[in-house]
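A quick write-up on the structure given underneath.
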Amino acid sequence: MNVYDSDRMTDVLAPLGYAPTQVADDADMVILNTCHIREKASEKVFSELGRLRQLQERAADQQGRRVTIAVAGCVAQAEGAEITRRAPWVDIVVGPQTYHRLPELVGQIDPASRKRVIDTDFPEEVKFDLLPGEHAPRGPAAFLSVQEGCDKFCAFCVVPYTRGAEFSRPAATVIDEARRLVALGTRELTLLGQNVNAYHGEGSGGTVWGLGRLIRELAAIDGLDRIRYTTSHPLDMDDDLIAAHGDVPQLMPYLHLPVQSGSNRILQMMNRRHDRDQYLAVIDRLRSVRPDLAMSGDFIVGFPGETDQDFADTLSLVSAVGYASAYSFKYSPRPGTPAANAEQQIEEAVKSDRLESLQQLLNAQQFAFNKSTEGQIVDILVERAGGRDGQMAGRSPYMQAVNFTGSADQIGNILSCRLSTARQNSMSGEIIDLKGAA
Ligand code: SAM
Ligand code: SF4
């Protein structure tokens, strides 16, 4: 979502004459778009701000040029005052729900008097309505925010506090944005939301659409060949969305469905509102309509009170599901969340051991999944040049990164590819024809 938000900040600043640069030293303004989900992510902001201070001083000393520094995103939302205290060279602090106001905020700063602005409101106005309709091409595979915020309040998570209450964009505005992206060359869209499958946007004729309905409508857009969505909550996998996995060919056979823990006791303490069997039952239903569905998930180890048995339950759930990829983290206490104050915090060394065992199992599953696709012929969407000369990179329907020998003019094409060699995090492939070339 930060990638999407950063692109939108670029759009909103374009009328002021700003254009993106890849070279920080060339910039007149640097915006750090930040994440607060784990402590490590927010610590990085302060070390990065130290580097940006030097950049700002270099520009002033060597070129007499004033560089504006802004901090956006969830660290800005949660720690706005702390940022301006610890890093007084920051000019703008803007939260995730107010970045459409960036042009006004830029107008308000006054480097001479060191006047800084902090805007971390949760405004009545809807950011999406105020962002520009026009935007730059986003490439063959793009993100599209359809839902934001969360009302679930898992005991470990800052999202409800930083992104605010759950909000779904009206379907018509999502469809318009999707059409514009497709007209600019996008062929794959990943629909985004902190809880994307809780989507309940205004549909046509005063109806409310769930994510399944939205996906069906998007699938009717000519030129939109692939649809994905992330991140989902197991409780919000409703019948229509599950059915869409079976009957919407554009919906790719890959699903990121976090579970966090395999222990019912921990799930309850996390306030996840589902148990292990409910999660496994959702996956069974999905696989009954889409047997080749590749599963991904998120796991937290070392949640307060997690015993060896609880952790063993997580390992057994992983064995039962068989993941094609997954993300796993040590529990990180976040200020203001209920679990941060819980007794029975788990020692760092125990967290590290558990994370290592879990990742060993998940890595083995990922490799086994990749291995099982060797020899298959799949469509890949070519997204960019690969790491080596003459190499191109794309994604399989199962979200695997696929490298193959090709050329830059293939970017944006969907090509038929034989997956040849499995690696831990990617596949090698060979293009076998130009089926579906744009
Ligand atoms: N809404 C999604 C769900 O409920 O599964 C998760 C969204 S959250 C932005 C992304 C992931 O970050 C979570 O699935 C969780 O694994 C991880 N996460 C969130 N808070 C965490 C914390 N305090 N410590 C460690 N990992 C955390
Ligand atoms: Fe955070 Fe996801 Fe739980 Fe919402 S459902 S509180 S985003 S982990």
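The values are calculated or read from the model by the stated rules, or taken from the named source; none is laboratory data. From a predicted model like this one, the values you see are computed outputs, not experimental measurements. Cβ sites come from the backbone with ideal geometry, for glycine too, and all protein chains shown count toward neighbours. With ligands, DNA and RNA removed, areas are computed over all heavy atoms of the protein, side chains included. Shrake-Rupley method; radii C 1.70, N 1.55, O 1.52, S 1.80 Å.
Odds and ends about this structure:
- Candidate set from the stretch 248-258 (those that are within 16 Å of ligand 2 (Cβ to nearest atom) and not in a loop (DSSP other than H, G, I, E, B)); member that is nearest to Phe299 (Cα to Cα): His256
- Those residues of the stretch 128-183 which are within 16 Å of ligand 2 (Cβ to nearest atom), in a loop (DSSP other than H, G, I, E, B) and not hydrophobic (A, V, I, L, M, F, W, C), in sequence order: Gly149, Asp151, Lys152, Arg163, Gly164, Glu166
- Search result, residues across the stretch 232-243 that are open to solvent by 40 Å² or more (accessible area, probe 1.4 Å) and within 12 Å of ligand 1 (Cβ to nearest atom): Leu235
- Residue check for Ser47: part of a helix (DSSP H, G or I), of a type in the set (Ser, Thr, Tyr) and in contact (Cβ under 8 Å) with a residue 12 or more places away in the chain: no
- Residue check, Phe143 open to solvent by 10 Å² or more (accessible area, probe 1.4 Å), touching a helix residue (DSSP H, G or I) at 6+ places or on another chain (Cβ under 9 Å), of a type in the set (Phe, Trp, Tyr) and within 30 Å of Tyr18 (Cβ to Cβ): yes
- The residues of the stretch 320-355 that are part of a loop (DSSP other than H, G, I, E, B), open to solvent by less than 30 Å² (accessible area, probe 1.4 Å), within 16 Å of ligand 2 (Cβ to nearest atom) and not charged (D, E, K, R), listed by number, are Tyr331, Ser332, Thr337.
- Filtered residues of the stretch 284-319 (kept if open to solvent by 10 Å² or more (accessible area, probe 1.4 Å), among the hydroxyl-bearing types (Ser, Thr, Tyr) and either more than 19 Å from Ile346 (Cβ to Cβ) or within 16 Å of ligand 1 (Cβ to nearest atom) (or both)): Ser288, Ser316, Ser319
Yes/no matrix, rows are residues, columns are (1) within 18 Å of Met399 (Cβ to Cβ); (2) assigned to a helix (DSSP H, G or I); (3) away from ligand 2 (no atom under 13 Å from the Cβ); (4) not aliphatic (A, V, I, L, M):
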position: Tyr229; (1), (2), (3), (4): yes, no, yes, yes
position: Asp240; (1), (2), (3), (4): no, yes, yes, yes
position: Gly246; (1), (2), (3), (4): no, yes, yes, yes
position: Arg265; (1), (2), (3), (4): no, yes, yes, yes
position: Asn271; (1), (2), (3), (4): no, no, no, yes
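- Filter pass, Leu32 being assigned to a helix (DSSP H, G or I), open to solvent by less than 50 Å² (accessible area, probe 1.4 Å) and at pLDDT 95 or above: no
- Within the stretch 166-190, considering residues that are of a type in the set (Ser, Thr, Tyr) and over 17 Å from the mean Cα position of the chain (by Cα), the one most open to solvent (accessible area, probe 1.4 Å): Thr173
- Here Ile69 passes the criteria (1) surrounded by fewer than 20 Cβ atoms within 10 Å (Cβ to Cβ); (2) touching a Phe, Trp or Tyr at 6+ places or on another chain (Cβ under 7 Å) except the one numbered (1).
- Annotation note: of Gly223, Gly193, Gly246, the sole residue that is surrounded by 21 or more Cβ atoms within 10 Å (Cβ to Cβ) and not β-branched (Val, Ile, Thr) is Gly193.
Residue-by-condition table, conditions (1) closer than 27 Å to Glu79 by Cα; (2) at pLDDT below 95; (3) within 16 Å of ligand 1 (Cβ to nearest atom); (4) open to solvent by less than 20 Å² (accessible area, probe 1.4 Å):
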position: Glu124; (1), (2), (3), (4): yes, yes, no, no
position: Leu130; (1), (2), (3), (4): yes, yes, no, no
position: Glu134; (1), (2), (3), (4): no, yes, no, no
position: Cys150; (1), (2), (3), (4): yes, no, yes, yes
position: Cys154; (1), (2), (3), (4): yes, no, yes, yes
position: Gly164; (1), (2), (3), (4): yes, yes, yes, yes
